[in-house]
Amino acid sequence: MKKYTVLTAAAAAAFMVHREYMHGLDYICNLSLCRGSKAFLFNCNNITTELKAYENIRGEFPKIKKWYKKVRPERMYILGSSKRPLYLRMIKQPIKSQKWVIAAHGYGCTGRSMLFCAKKFYENGFNVIIPDLPCHGRSYGRYIGMGQYEYKDILIIADKIKALYADAKILLYGISMGAATVLTAAGTRPKNIDCVVSDCSFSDARSVLKFQLGNIFHVPTFPLINDLDRVYHKKTGFSLKNADIKKSAAGSVTPTLFIHGGADNIVPTSNVYKLYNAASCPKDLLIVKGAGHGVSAYTDIDAYWKKVFDFTQKYMFNSQKPV
């Protein structure tokens, strides 16, 4: 009888531990991969470098606001890849231009975070389209795909541009998860994309989440990352294993500029070398010394944008098309 009681108590304790563990996994999945604010995740990292970079362009904010009002962006919804609404901002040149850029924002952000970059592209003669990626801002979706399905919406936008403007030259530009998204899109070898600029993409979703889980919770990430992926798959039908951006980069034939901050502690700089080395397309690399995550464009403004526009000018009007 005593032995039975001990076994029953042990089983009950094991059940309680398992239940709490599963609740914890569900919480982490919702926190990291569900729609909502990601401020908690960013605040768990040392973002001093990123805040310093934003201070570097604080004086630009009134100018950006004035410019944005002046250009009167068209705001619209289109049907996204899941047949649900995708929100876009479109800023067209007053005089017809062949140059188009689709600018994809980062994890937990919205299209409005891309306005500094949008202004730079617009001043260089680009028509600019800024979507709110699925599960962000005003667009549809509950769970974040880390680029593995968001890329389909980028390709839909590119198809619509080409349908309306047959002579359009299209650049895909993305920051962080937006960079992972445009690299994934390029990995499908689309015929209508002329150039890609990837700024601080991760090499694969599992690795970057594993890195951040270790930073935030200070616990061993094995088998946590595998169990988290199982919960995510059960909720969404997708696996984080499919967000393998290095594989997409290896499959791309579209000229790609890889950019990363040299002091990135959120997506470590080592990620860009994995992507760059895997890529077999025409490519170039820019490491912005002292730049944190997603702020290279604000840290060394002149060097960054010179590199971007030199690269795009070289490849967007190259007569050789991807095959």
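The values are calculated or read from the model by the stated rules, or taken from the named source; none is laboratory data. These figures come from a predicted structure and were not determined experimentally. A quick note on method: Cβ atoms are made from the backbone with ideal geometry, for glycine too, and the neighbour counts reach across all protein chains shown.
Please state which one of Ala186, Ala205 is of a type outside the set (Ser, Thr, Tyr), surrounded by 14 or more Cβ atoms within 10 Å (Cβ to Cβ), under 14 Å from the mean Cα position of the chain (by Cα) and closer than 18 Å to Asn30 by Cβ. Working first, answer last.
Values: Ala186 fails: closer than 18 Å to Asn30 by Cβ.
From the options Ala186, Ala205, the qualifying one is Ala205.
Does Ile154 satisfy being within 20 Å of Ala39 (Cα to Cα) and crowded, with 24+ Cβ neighbours inside 10 Å? Before the answer, list the steps.
Values: within 20 Å of Ala39 (Cα to Cα): no; crowded, with 24+ Cβ neighbours inside 10 Å: yes.
No, not satisfied.
Identify, please: which residue in the stretch 189-202 is in a loop (DSSP other than H, G, I, E, B) and either of a type outside the set (Gly, Ala, Ser) or out of contact with any helix residue (DSSP H, G or I) (no Cβ under 9 Å at 6 or more places or on another chain) (or both) and is, among those, surrounded by the fewest Cβ atoms within 10 Å (Cβ to Cβ)?
If we filter the stretch 189-202 for residues that are in a loop (DSSP other than H, G, I, E, B), which is where we start, we get 189-194, 200-202.
Next, only the ones that are either of a type outside the set (Gly, Ala, Ser) or out of contact with any helix residue (DSSP H, G or I) (no Cβ under 9 Å at 6 or more places or on another chain) (or both) stay: 189-194, 200, 202.
On the way: Arg189: 14, Pro190: 21, Lys191: 11, Asn192: 16, Ile193: 26, Asp194: 24, Cys200: 30, Phe202: 29.
Only one residue tops the list, namely Lys191.
Kindly indicate which of Ala263, Ala291, Ala303 is small (Gly, Ala, Ser) and assigned to a helix (DSSP H, G or I).
Working: Ala263 fails: assigned to a helix (DSSP H, G or I); Ala291 fails: assigned to a helix (DSSP H, G or I).
Answer to the check: Ala303.
Being at pLDDT below 95, hydrophobic (A, V, I, L, M, F, W, C), in a helix (DSSP H, G or I) and more than 24 Å from Gly294 (Cβ to Cβ), is that true of even one residue in the stretch 232-242?
Taking every residue of the stretch 232-242 in turn, none turns out to be at pLDDT below 95, hydrophobic (A, V, I, L, M, F, W, C), in a helix (DSSP H, G or I) and more than 24 Å from Gly294 (Cβ to Cβ).
Which residues, counting only those in the stretch 40-54, are aliphatic (A, V, I, L, M), in contact (Cβ under 8 Å) with a residue 40 or more places away in the chain and in a helix (DSSP H, G or I)? Steps first, please.
Here is the first cut: in the stretch 40-54, the ones aliphatic (A, V, I, L, M) are 41, 47, 51, 53.
Narrowing the set further to residues that are in contact (Cβ under 8 Å) with a residue 40 or more places away in the chain leaves 41, 47, 53.
Hits for the stretch 40-54 are Leu41, Ala53.
Against the condition over 22 Å from the mean Cα position of the chain (by Cα) and modelled with pLDDT under 95, how does Arg58 come out, does it pass? Please lay out each step first, then the result.
Working: over 22 Å from the mean Cα position of the chain (by Cα): yes; modelled with pLDDT under 95: yes.
So Arg58 passes the test.
Report yes if Gly145 is more than 23 Å from Leu285 (Cα to Cα) and out of contact with any Cys (no Cβ under 7 Å at 6 or more places or on another chain), otherwise no.
Considered against the rule, which asks whether it is more than 23 Å from Leu285 (Cα to Cα) and out of contact with any Cys (no Cβ under 7 Å at 6 or more places or on another chain), Gly145 comes out as yes.
Give Leu257, Leu285 a once-over and let me know the one that is of a type in the set (A, V, I, L, M, F, W, C) and either out of contact with any Ser or Thr (no Cβ under 8 Å at 6 or more places or on another chain) or surrounded by fewer than 16 Cβ atoms within 10 Å (Cβ to Cβ) (or both). Outline the logic, then answer.
Values: Leu257 fails: either out of contact with any Ser or Thr (no Cβ under 8 Å at 6 or more places or on another chain) or surrounded by fewer than 16 Cβ atoms within 10 Å (Cβ to Cβ) (or both).
After applying the criteria, what remains is Leu285.
Have a look at Ile301, Ile266, Ile287, Ile259 and point out the one that is at pLDDT below 95 and either of a type outside the set (Lys, Arg) or within 19 Å of Leu183 (Cα to Cα) (or both). Break it down stepwise before answering.
Details: Ile301 fails: at pLDDT below 95; Ile287 fails: at pLDDT below 95; Ile259 fails: at pLDDT below 95.
Just one listed residue meets the conditions, Ile266.
Here is a check on your reading of the model: is Gly214 buried (at least 22 other Cβ atoms within 10 Å of the Cβ) and either in a helix (DSSP H, G or I) or within 11 Å of the chain's Cα centre (by Cα) (or both)?
Details: buried (at least 22 other Cβ atoms within 10 Å of the Cβ): no; either in a helix (DSSP H, G or I) or within 11 Å of the chain's Cα centre (by Cα) (or both): yes.
No; evaluated as a whole, the condition is false for this residue.
Can you name the helices (runs of 4 or more DSSP H) wholly within the stretch 55-165 that have at least 3 residues being without any contact (Cβ under 8 Å) to a residue 12 or more places away in the chain? Give the steps one after another, and end with the answer.
Values: elements: 61-71, 115-123, 150-164.
Where helices (runs of 4 or more DSSP H) fall fully within the stretch 55-165 and carry at least 3 residues being without any contact (Cβ under 8 Å) to a residue 12 or more places away in the chain, they are 61-71.
What's the total number of residues in the stretch 27-48 that are hydrophobic (A, V, I, L, M, F, W, C) and surrounded by fewer than 15 Cβ atoms within 10 Å (Cβ to Cβ)?
Step one: filter the stretch 27-48 for residues hydrophobic (A, V, I, L, M, F, W, C), giving 28-29, 31, 33-34, 39-42, 44, 47.
Restricting the remaining residues to those that are surrounded by fewer than 15 Cβ atoms within 10 Å (Cβ to Cβ) gives 31, 39-40, 44.
Adding up the residues that qualify gives 4.
Do you know which residues across the stretch 254-269 are within 18 Å of Ala205 (Cβ to Cβ) and free of Cβ contacts under 8 Å to residues at least 40 places away in the same chain?
Thr269, the sole residue that qualifies.
What do you reckon, is Pro220 within 21 Å of Ser82 (Cβ to Cβ) and either assigned to a loop (DSSP other than H, G, I, E, B) or touching a Leu at 6+ places or on another chain (Cβ under 6 Å) (or both)?
Numbers: within 21 Å of Ser82 (Cβ to Cβ): no; either assigned to a loop (DSSP other than H, G, I, E, B) or touching a Leu at 6+ places or on another chain (Cβ under 6 Å) (or both): yes.
No.
For residues that are modelled with pLDDT of 95 or more, small (Gly, Ala, Ser) and surrounded by fewer than 22 Cβ atoms within 10 Å (Cβ to Cβ), tally how many sit in the stretch 67-114.
2
Yes or no: the stretch 215-232 includes at least one residue that is in contact with a strand residue (DSSP E or B) (Cβ under 6 Å, 6 or more places away or on another chain) and either hydroxyl-bearing (Ser, Thr, Tyr) or on the phi < 0 side of the Ramachandran plot (or both). Give the steps one after another, and end with the answer.
Pass one, the stretch 215-232, residues in contact with a strand residue (DSSP E or B) (Cβ under 6 Å, 6 or more places away or on another chain): none.
No, because not a single residue in the stretch 215-232 is in contact with a strand residue (DSSP E or B) (Cβ under 6 Å, 6 or more places away or on another chain) and either hydroxyl-bearing (Ser, Thr, Tyr) or on the phi < 0 side of the Ramachandran plot (or both).
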